[in-house]
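The next block holds one structure in the form of structure tokens; read it before the comments.
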Amino acid sequence: MNPVLVATAVTVVAGAIVAISSRDARVAILGLSLTLLGTPLLSEPIPAPLPLAARIVAALLALELLWITIRATTSATCGSLVGWPVEALTAAAAFVVGAGVGGGLATSGLAVGGAGAGTTSIIVAAACCLVALAATPLGHGRDVLRLGIGATLLLAGGTTLSAALVGPPGTLGQLVISGMTVALGAAVAALCANAFAARGDLGLGGGRTREAGGRPAPLQARPPVDE
Amino acid sequence: MSFLPFFVITLGAATGALLTRRRPRVSLLVGFIGLSLAFVTALAIRPGETLVIGEGAIVTNGYGRLFLVLGTGSGLLVSIIGLATSWQRNVPAAILASLGWTGLALALPDPLTAVAATVAGGLAGIFVTLVAPIDERGVEVGARELRAVAVAGSLALIAIIGLGPAPAPNSVGAGPNAGASGAIGLAYLAIVVAVALRFGVIPFHAWAGRLSQSAPDAALPLLLAWAPAGFAVVALAGIGSSFAGSGGSLGLERGLVVALGAVGLLFGTFAVWIQDDLEHVVGYSIAQDAGFVILAFATPGPETWQPARTWILVFALAKTALAAWALVLRTTHGTRRIDHLHGWARRSPVLGVAFVLLILATIGWPGSTSWAARLDLVGWSVTDPLRTLVILAALSSLLYYGKLAGIGLRVPGDEVGGRPVARMRWPRSLQPPASAAERVDERAGEEVDGDGTTEEPVRPARPGRTGDRIARTAEVVTVARQSLARGRRLVGQLGHTWHVNRSLIASLLVLVLASAAFLGAAGWLGIPDAAGEAPPAATSQLSP
């Protein structure tokens, strides 16, 4: 088993836990950056330098768009509904299940990615973690940033799973995934900016964002509508 | 590679229009020029070309070309209609970005990469849900759109992985997943749910209903028809070859898919019937007819390939016309409530004709392409007596179309707002030549045009050589100034004509859209031939 791959998988999952648990949007984006920058490396073999560079640049661009928006609006989000320990335990459970499933698929010949059983199980485990962690913010996301992070983790999980089971995407596939990442970042950034313009925080429906200390965030002055 | 100009123009113009959105005129210009160029470059796409990038390839095909030509053409018309009625500045940019990515998806033989491209295209739709003035409801609808696109895309990705690679042409058995029929069944259901989610088919209709209420009307064709249609075509291609070898063992799953499609068709009519505003009628009508797309997944394979892809294009065209009809009707009569629209067809006969055409396009008539496609999709999915029941459910949409037509043919009530324009009105300077007496009268006074400019008379030349040159130069300058003034006057007159006839122009454009849908339903746009092309070869990373 490749120790670098294991370290990358752990980093990706840890970043995802931070991204969906933190109440400070800046920390959440930092966690998301670990996930987005790490997922292209979760494949065997590692992509060629040019497609890899495209994935990294696309991830940085998406994160930059989010960063700019959060810097101009607010860094208070709802955070995790259940707290980071529960999220971490969920990730651990998904990791174990994913590793078992991935190993089983690889040994039975159902995974046609070409990687060994150990490698496949690690990558599938990381992908399952991302999908499991995305469930709560997507299902019950009470602010747009958390919802966007959930969508990003879900799609990252899907692409990672495909890399594990049917092999890493080719150059064209990597370029398309890069475009999708940028589009996702731009869409979430636009949603955040508009949510802040509409109600003064990033909340959705009855959701009220909280500051890092757990206090409800003060509603900020509503900026003039851009039209 | 004739596809690349289209892709570069669509994404470039979309980015340009979004970046210049704080300057509405510039953004508008970029968007419209982009849409026009995209239409031209889509026409120039040559089917059968291959561009190899790394291990993957972009392969153009006739169906993708037709999809993009009709998509950009109808997008351009809808944008002009939006400009004439209730403008939202992000509409052209979103149409461009979405069609650019969808075009790429339709040209990719690798289904996983194609799904990623459709997700990128679907995300572009979020920008049109954020309408000005921005409010919480708009943000919530955008968030729901994001959720639907991400969940459907991920489901499709995982489902295509679960279905496994297509069996190799010369292999003895099926693909590597042939033994795992349970996993294939789940993957099959997942991809159908993903498509149903994108279309808002009942029971996944909640977000689509809210979307139709809050999103700009001009964006509804993109959000609820074209982008999901591209996704459905990609999903059909992704599922078709993998499913062919194992379809016989998935009776339960197929039954569930047929039930989903039939429920969507039947309850869709009920959902439309109980609505009292036009936007919801459009939204739920789209969701209802998307039930046929779900039925196409009940027997994915060579036999349903052509009717499914034919119906998807006719459906997208007809629903675009329906959304445009509702938009123009609402702005012309000043109300979106159906019970306030008594006599709309009498007062807006152009919209009445368009309405008849779009009904014919949607339902078809015996012998037409859309009629045959709908019957084929039902016929391949179920047998009698269920077949008859599903056909009746499909025809039940005539009930709400008839209700709308009946309201339109009643005597106009006091509630009908607005004053629809019956004929074209021109500025005085663009009117037909006046009589000789009138011309004399006009010459008597100083000629002042609509924009307030006055034509300057040509001055006589001075005598002498130097004087001649100066005189000629002055003459040229004067003529140039006059030409410039005439050009400015013409632009002003056209702008004035546009302003006073917006309602009528929009109605005529709806008629054009409905006629295109009608021609498509009749099989005159080449849809059946393009839809009958063979599925893309499995040159994907899924191949073992």
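The values are calculated or read from the model by the stated rules, or taken from the named source; none is laboratory data. Predicted model only: the values in this text are computed from it and were never measured. All Cβ positions, even for glycine, are placed from backbone atoms using ideal geometry, and neighbour counts span all protein chains on display. Surface accessibility is based on the protein's heavy atoms, side chains included, excluding ligands, DNA and RNA. Shrake-Rupley method; radii C 1.70, N 1.55, O 1.52, S 1.80 Å.
I'd like the full set of residues that are over 24 Å from the mean Cα position of the chain (by Cα) and without any contact (Cβ under 8 Å) to a residue 40 or more places away in the chain, limited to segment B:387-401.
Hits for segment B:387-401 are B:Arg387, B:Thr388, B:Ile391, B:Leu392.
Would you pick out the residues in segment B:110-138 that are more than 7 Å from every other protein chain (Cβ to nearest Cβ) and among the hydrophobic types (A, V, I, L, M, F, W, C)?
Scanning segment B:110-138 gives B:Ala114, B:Val115, B:Val128, B:Val131.
Quick check on segment B:145-154. Is at least one of its residues surrounded by fewer than 19 Cβ atoms within 10 Å (Cβ to Cβ) and modelled with pLDDT of 80 or more?
Taking every residue of segment B:145-154 in turn, none turns out to be surrounded by fewer than 19 Cβ atoms within 10 Å (Cβ to Cβ) and modelled with pLDDT of 80 or more.
Which numbered condition trips up B:Arg309, out of (1) at pLDDT below 90; (2) open to solvent by 10 Å² or more (accessible area, probe 1.4 Å)?
With (1) at pLDDT below 90; (2) open to solvent by 10 Å² or more (accessible area, probe 1.4 Å) applied to B:Arg309, the lone miss is (1).
What number goes with the only condition from (1) part of a helix (DSSP H, G or I); (2) in contact (Cβ under 8 Å) with a residue 60 or more places away in the chain that B:Leu322 does not pass?
Condition (2) is where B:Leu322 drops out.
Return the residues of segment A:73-94 that are at pLDDT below 80 and open to solvent by 20 Å² or more (accessible area, probe 1.4 Å); say none if nothing qualifies.
Residues satisfying the conditions are A:Thr73, A:Ser75, A:Leu81, A:Val82.
For segment B:29-62, give me each residue that is in contact with a strand residue (DSSP E or B) (Cβ under 8 Å, 6 or more places away or on another chain) and basic (Lys, Arg).
Residues satisfying the conditions do not exist here.
If I go through segment B:349-385 residue by residue, how many of them are in contact (Cβ under 8 Å) with a residue 12 or more places away in the chain and over 25 Å from the mean Cα position of the chain (by Cα)?
Qualifying residue count, segment B:349-385: 3.
Select from segment B:77-87 the residues that are buried (at least 21 other Cβ atoms within 10 Å of the Cβ) and in contact with a Pro (Cβ under 8 Å, 6 or more places away or on another chain) and write down the one among them that is farthest from B:Thr102 (Cα to Cα).
B:Gly82
Between a residue in segment B:493-507 that is closer than 13 Å to B:Val78 by Cα and any residue that is modelled with pLDDT under 80, which pairs come within a Cβ distance under 9 Å, given they are 6 or more apart or on different chains?
Pairs found: B:Ile505/B:Met424; B:Ile505/B:Thr497; B:Ile505/B:Trp498; B:Ser507/B:Pro420; B:Ser507/B:Val421.
Quick grid of which residues meet (1) without any contact (Cβ under 8 Å) to a residue 60 or more places away in the chain; (2) under 19 Å from A:Leu30 (Cβ atoms); (3) among the acidic types (Asp, Glu); (4) part of a loop (DSSP other than H, G, I, E, B):
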{"position": "A:Trp67", "(1), (2), (3), (4)": "yes, yes, no, no"}
{"position": "A:Thr74", "(1), (2), (3), (4)": "no, yes, no, yes"}
{"position": "A:Val97", "(1), (2), (3), (4)": "yes, no, no, no"}
{"position": "A:Gly118", "(1), (2), (3), (4)": "no, no, no, no"}
{"position": "A:Ile123", "(1), (2), (3), (4)": "no, no, no, no"}
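Being open to solvent by 10 Å² or more (accessible area, probe 1.4 Å), more than 7 Å from chain A (Cβ to nearest Cβ) and either in a loop (DSSP other than H, G, I, E, B) or more than 23 Å from A:Leu191 (Cα to Cα) (or both): is that true of B:Gly162 here?
Spelling it out, B:Gly162 is indeed open to solvent by 10 Å² or more (accessible area, probe 1.4 Å), more than 7 Å from chain A (Cβ to nearest Cβ) and either in a loop (DSSP other than H, G, I, E, B) or more than 23 Å from A:Leu191 (Cα to Cα) (or both).
Within segment B:1-21, track down each residue that is surrounded by 16 or more Cβ atoms within 10 Å (Cβ to Cβ) and not in a helix (DSSP H, G or I).
B:Ser2, B:Thr20, B:Arg21
Conditions tested, residue by residue: (1) among the aromatic types (Phe, Trp, Tyr); (2) in contact (Cβ under 8 Å) with a residue 24 or more places away in the chain.
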residue: B:Ile53; (1), (2): no, no
residue: B:Gly56; (1), (2): no, yes
residue: B:Tyr63; (1), (2): yes, yes
residue: B:Phe67; (1), (2): yes, yes
residue: B:Gly82; (1), (2): no, yes
residue: B:Thr85; (1), (2): no, yes
residue: B:Ile95; (1), (2): no, yes
residue: B:Leu104; (1), (2): no, yes
residue: B:Pro109; (1), (2): no, yes
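Within segment A:151-179, can you find the residues that are facing another protein chain (nearest Cβ under 7 Å), within 16 Å of B:Ile58 (Cβ to Cβ) and assigned to a helix (DSSP H, G or I)?
A:Thr171, A:Leu172, A:Gly173, A:Val176, A:Ile177, A:Gly179, listed by residue number.
Name the single residue that is surrounded by the fewest Cβ atoms within 10 Å (Cβ to Cβ) among those in segment B:22-47 being of a type in the set (Ser, Thr, Tyr) and more than 14 Å from chain A (Cβ to nearest Cβ).
Among those residues, the one meeting the criterion is B:Ser36.
Using the structure shown, decide if A:Ala58 is within 29 Å of A:Arg23 (Cβ to Cβ) and assigned to a helix (DSSP H, G or I).
Yes: the conditions hold for A:Ala58.
Please go through (1) out of contact with any His (no Cβ under 8 Å at 6 or more places or on another chain); (2) away from chain B (no Cβ under 12 Å); (3) within 25 Å of B:Ala143 (Cβ to Cβ); (4) in contact (Cβ under 8 Å) with a residue 40 or more places away in the chain for A:Glu44 and return the number of the only condition it doesn't satisfy.
Condition not satisfied by A:Glu44: (3).
Taking segment B:131-144 as the search range and keeping residues that are more than 14 Å from B:Pro92 (Cα to Cα) and open to solvent by 10 Å² or more (accessible area, probe 1.4 Å), which one is modelled with the highest pLDDT?
Per the criteria, the residue is B:Arg144.
Counting only residues that are closer than 18 Å to A:Thr39 by Cβ and either free of Cβ contacts under 8 Å to residues at least 60 places away in the same chain or touching a strand residue (DSSP E or B) at 6+ places or on another chain (Cβ under 7 Å) (or both), how many does segment A:136-147 have?
Qualifying residue count for the region: 1.
Tell me the helices (runs of 4 or more DSSP H) entirely within segment B:186-279 that contain at least 3 residues that are among the hydrophobic types (A, V, I, L, M, F, W, C) and at pLDDT below 85.
B:206-214, B:227-244
Evaluate segment A:118-132: report whether one residue or more is facing another protein chain (nearest Cβ under 8 Å) and at pLDDT 80 or above.
Looking through segment A:118-132, at least one residue is facing another protein chain (nearest Cβ under 8 Å) and at pLDDT 80 or above.
Give segment A:116-136 a look and list any residue that's farther than 16 Å from A:Thr159 by Cβ and open to solvent by less than 10 Å² (accessible area, probe 1.4 Å), or say none.
Matches in segment A:116-136: none.
Taking B:Leu96 as the residue in question, decide whether it is surrounded by 24 or more Cβ atoms within 10 Å (Cβ to Cβ), within 14 Å of another protein chain (Cβ to nearest Cβ), farther than 27 Å from B:Ala159 by Cβ and touching a Ser or Thr at 6+ places or on another chain (Cβ under 8 Å).
So B:Leu96 fits the description; yes.
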